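Structure record follows, encoded as structure tokens.
The values are calculated or read from the model by the stated rules, or taken from the named source; none is laboratory data. All values derive from a computational prediction rather than experimental measurement. Ligands, DNA and RNA are excluded from the accessible area calculation, which covers all protein heavy atoms including side chains. Shrake-Rupley method; radii C 1.70, N 1.55, O 1.52, S 1.80 Å.
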Amino acid sequence: QVQLVESGGGLVQAGDSLRLSCEVSRRSSAWFLMGWFRQAPGKEREFVAAITWSRGNAYYGDSVKGRFTISRDNVKNTADLQMNNLKPEDTAVYYCAGRFLEVFTEKPQEYSYWGQGTQVTVSS
């Protein structure tokens, strides 16, 4: 019913920028909440950012506010995460996630659909 495919991860240095993209394939035209999460080794999955598909309302985790920007393109069906001023602690596997209930949540268990993840590594 819904497929999410991330791209854009890689190895960068501290202070660099990186842009992740999540391509959304879905049959339903119902509005959608898109989120980005990350998980570092030995740590729980952490909320990064989310955006409502209809109005583009954006939400951010405290650790990325002012550095990351989430956006969506309703024509291309993509949700991007622009990451600036990257830090070594941003190193993680980044996942995009979605759900049809367009109410904000930062709880990963409340998202129904997940991508396969893309690795982001920031060296100091």
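Observations on the structure shown:
- Considering only alpha-carbon pairs that sit under 8 angstrom and 6 or more positions apart, the relative contact order computed for the chain is 36 percent.
- Rel. contact order, % - alpha carbon contacts under 8 angstrom, at least six apart, segment 50-111: 30
- Cα gyration tensor, segment 43-113 - rounded (a/c under 1.5), prolate or oblate: oblate
- Accessible surface, the chain, averaged per residue in Å² (probe 1.4 Å): 53
- Considering all C-alpha pairs of segment 1-40, those separated by over 14 Å amount to 59%.
- Relative compactness, the chain, computed as alpha-carbon Rg over 2.2 N^0.38 Å: 0.98
- Added length on full extension, which subtracts the Cα-Cα distance from 0.36 nm per residue, Ala58 to Glu89: 8.9 nm
- Lysine pairs in the chain whose alpha-carbon atoms fall under 18 angstrom of each other, counting only those eight or more residues apart or on distinct chains, come to 4.
- Carbon and sulfur %, accessible surface of segment 66-124 computed with the full protein complex present, 1.4 Å: 48
- Over segment 19-73: Rg over Rh, Cα atoms, Kirkwood Rh: 1.00
- If you model segment 59-100 as an ellipsoid using its alpha carbon gyration tensor, with each semi-axis the square root of five times an eigenvalue, the axes come out at 21, 12, 10 Å, biggest first.
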